[in-house]
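Below: one structure, written as structure tokens.
FYI, it's all coordinate maths here, none of it is from the lab. Computed from a prediction, not measured in an experiment: that's the story for all the values here. Cβ placement follows ideal geometry from the backbone for every residue including glycine, while neighbour counts extend to all protein chains displayed.
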Amino acid sequence: MNLPSAHPLRRAAALSLLLTLAVAGSGCKKVIDEIKPKLPEATQDGKQTYGCMLDGKLWLPASDHTLLPPLDADLTSGGFTLTASDDHNDAPGWEEFTLTLNTTTFAPGTYTLNNGFAASYWSRGNDLSNMESFMAGSGNQGTLTITKVEPRTTTTTVLGNTVTSRFTVVSGTFEFTATGTGGKTITVKDGRFDVKAY
């Protein structure tokens, strides 16, 4: 009786092990890719999203404070202001973006810096040190594109009472450069937001 030698069996076992590791490894990579922070989709439904690339790095708003939401959007007869902040406890400090559109005829369209659109970014350490402030001014480039402006109403029941909320979905994209007080320039690209403005 001829039994197969151990050598081909070892080779088959090693090949099987490598194949299993390759399949398992690719599955882990897919899971990691799924949970890895990334820019939000460019939606237009009031999903309360915001994100951009700040000097080539992903920037997303976050907050650990119930009374201090990471996004605040205001729509008035004089224009639109969106503030996005990152002040969660794990952050090295506090960061904040402000996008402003000064116009009495708020509508979808593209607005350029110094023609209604203004933008700023600032950061500081948790101990209030290392304050840096950047303003998008006349020497900078930038655009804000409003893709959707849609008034909406929702009705909910709270403790047996009907509560009606009125808000406006405002969605768009943005990019700009801004210069700090020390002359340093930041670049903001691939910005997008989808918010409820009150």
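Exceedance of the 21 Å cut-off in Cα-Cα distance is limited, within the set Lys36/Lys57; Lys57/Lys184; Lys38/Lys184, to Lys38/Lys184. Within the same chain, aspartates and glutamates fewer than 8 places from Lys189 are excluded, and of the rest, those with a Cα less than 15 Å from its Cα are Glu41, Asp55, Glu175. Here the spin labels are modelled as points 7 Å beyond Cα on the Cα-Cβ line, and at Thr145 and Glu41 they lie 1.9 nm apart. Strictly greater than 20 Å: what percent of every Cα pair in segment 59-189 meets that? So the portion of pairs separated by more than 20 Å is 54 percent. Sequence-ordered 3J(HN,Hα) estimates for segment 77-83 from the Karplus curve with 6.51, -1.76 and 1.60 and θ = phi - 60° stand at 5, x, x, 10, 10, 10, 10 Hz, glycine and proline given as x.
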